[in-house]
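Participant: Quick one: structure below, then a few questions.
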Number of protein chains: 2
Amino acid sequence: MEKQDKKPKRWSLEDIRDYLSQHDIRSSVYRLKIFEYLINDRTHPTAEEIYKHLKKELPAISPGTVYNTLRLFLEKKIVQLVNVEKNQFRFDATLSWHGHLKCLGCGRVFDLHIENLKLSGLEGFEIFEKHLDLKGLCPECLKRKNI
Amino acid sequence: MEKQDKKPKRWSLEDIRDYLSQHDIRSSVYRLKIFEYLINDRTHPTAEEIYKHLKKELPAISPGTVYNTLRLFLEKKIVQLVNVEKNQFRFDATLSWHGHLKCLGCGRVFDLHIENLKLSGLEGFEIFEKHLDLKGLCPECLKRKNI
DNA sequence: TATAAAATTATATTGATTATAAAATTATAA
DNA sequence: TTATAATTTTATAATCAATATAATTTTATA
């Protein structure tokens, strides 16, 4: 799991506005807030989870906006899909190469640091995307299970 | 990509009948044929592709049977899901640890040999499943593209 | 301020998968 | 072999996340 204690940078709305602009995405309150949630909370949420989270603060938001925005972010390549779920999309605004582990107990998705990966037989192939996804139980759920 | 020239064993229907039986699965013509297609053809098909393939030989088969059977095979852990597709399940009857590459040109899914994978930060976690999935272009599609 | 362009909403649609109930098949015991 | 129960298969309906569409609202800019 990625170390959390080295205090990840928190993005301000201004940071995000600049970042979206650099990627040819016009800003709006919803777009800023959706990206802010993805980049600062890092829970790898589904579209539905983002919608529910933002609805508290912005009650007028509609699910369509969340879906549209996420699709736009994917097209512009500022978010990536997390494949731990079969029936739902999960999103990650961190683009560096890392893996994911979904805890089947609590449902949380953890980031994984990949120290080394060596594949063979890929000569002549061109690679665009790599996904490493695990399923298992986190230490807390394991402890809870064994009480 | 996995070497194909070392002639993978082809499973007979009797082999499969035994294998299903060992895993507490009663055999039927459909179950045998579905597993046979998965294990001998190794194209990592979707349920729909399996249905279309078998319908030629067994015209009475219904899609429900394919879905039911695949769900049963998953439960009994004799097939695994391939995560290269977001909207459709793909299935693999080869259970050894290997990755997959989906060619975005021709749609084929290739097996990958993983020489080495080292993750850190997983102390205290219990892992049940690992998936490594790439997207890219195969040599043939790259060549075709550059003509 | 007017006009065009873009974003958002509400709603309907899609499509793979799952659920359900009836019918067909298979297994087992008398 | 026959009767009965259990399982498998089929046909059909339901589910539900995601997408498409068209109307409305907001934003940009001349």
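The values are calculated or read from the model by the stated rules, or taken from the named source; none is laboratory data. Nothing here was measured: the structure is a model prediction, and the numbers come from that model. Counting neighbours? That spans all protein chains shown, and the Cβs are built from the backbone with ideal geometry, glycine included. Side chains included, ligands, DNA and RNA excluded: accessible areas come from the protein's heavy atoms. Shrake-Rupley method; radii C 1.70, N 1.55, O 1.52, S 1.80 Å.
Participant: If you take the residues in region B:61-96 that are within 10 Å of DNA strand D (Cβ to nearest atom) and either at pLDDT below 95 or part of a strand (DSSP E or B) (or both), which one is farthest from the other protein chains (Cβ to nearest Cβ)?
Facilitator: By that ranking, first place goes to B:Asn87.
Participant: Could you check region A:32-79 and list, in sequence order, the residues that are in contact (Cβ under 8 Å) with a residue 40 or more places away in the chain and over 22 Å from A:Ser96 (Cβ atoms)? Spell out the reasoning first.
Facilitator: From region A:32-79, those in contact (Cβ under 8 Å) with a residue 40 or more places away in the chain are A:35, A:38-39, A:42-48, A:50, A:72-73, A:76-79; that's our starting set.
Scanning region A:32-79 gives A:Ala47, A:Glu48.
Participant: Any idea which residue in region B:128-147 is farthest from the other protein chains (Cβ to nearest Cβ), counting only those that are open to solvent by less than 100 Å² (accessible area, probe 1.4 Å) and of a type in the set (A, V, I, L, M, F, W, C)?
Facilitator: Per the criteria, the residue is B:Cys141.
Participant: Could you go through region A:30-44 and let me know if any residue there is over 21 Å from A:His113 (Cβ atoms) and part of a loop (DSSP other than H, G, I, E, B).
Facilitator: no
Participant: To continue, here is another question. Look through region A:45-60, keep the residues that are more than 14 Å from chain B (Cβ to nearest Cβ), of a type outside the set (Lys, Arg) and part of a helix (DSSP H, G or I), and return whichever of them is nearest to DNA strand D (Cβ to nearest atom).
Facilitator: Checking each candidate, the answer is A:Glu48.
Participant: Further, regarding this structure: Among (1) facing another protein chain (nearest Cβ under 7 Å); (2) open to solvent by 40 Å² or more (accessible area, probe 1.4 Å); (3) under 30 Å from A:Gly107 (Cβ atoms), which single condition is B:Phe125 missing?
Facilitator: The single condition B:Phe125 does not satisfy is (2).
Matching residues to (1) open to solvent by 40 Å² or more (accessible area, probe 1.4 Å); (2) within 16 Å of DNA strand C (Cβ to nearest atom); (3) under 21 Å from A:Leu134 (Cα atoms):
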{"residue": "A:Ile39", "(1), (2), (3)": "no, no, no"}
{"residue": "A:His44", "(1), (2), (3)": "no, no, yes"}
{"residue": "A:Glu48", "(1), (2), (3)": "yes, yes, no"}
{"residue": "A:Leu58", "(1), (2), (3)": "no, yes, no"}
{"residue": "A:Ser62", "(1), (2), (3)": "yes, yes, no"}
{"residue": "A:Val79", "(1), (2), (3)": "no, yes, yes"}
{"residue": "A:Val82", "(1), (2), (3)": "no, no, yes"}
{"residue": "A:Leu112", "(1), (2), (3)": "no, no, yes"}
{"residue": "A:Leu117", "(1), (2), (3)": "yes, no, yes"}
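Participant: Let me ask something additional. What is the number of the single condition among (1) within 20 Å of A:Lys130 (Cα to Cα); (2) surrounded by 16 or more Cβ atoms within 10 Å (Cβ to Cβ); (3) within 13 Å of DNA strand C (Cβ to nearest atom) that A:Phe35 does not meet?
Facilitator: Unmet condition: (1).
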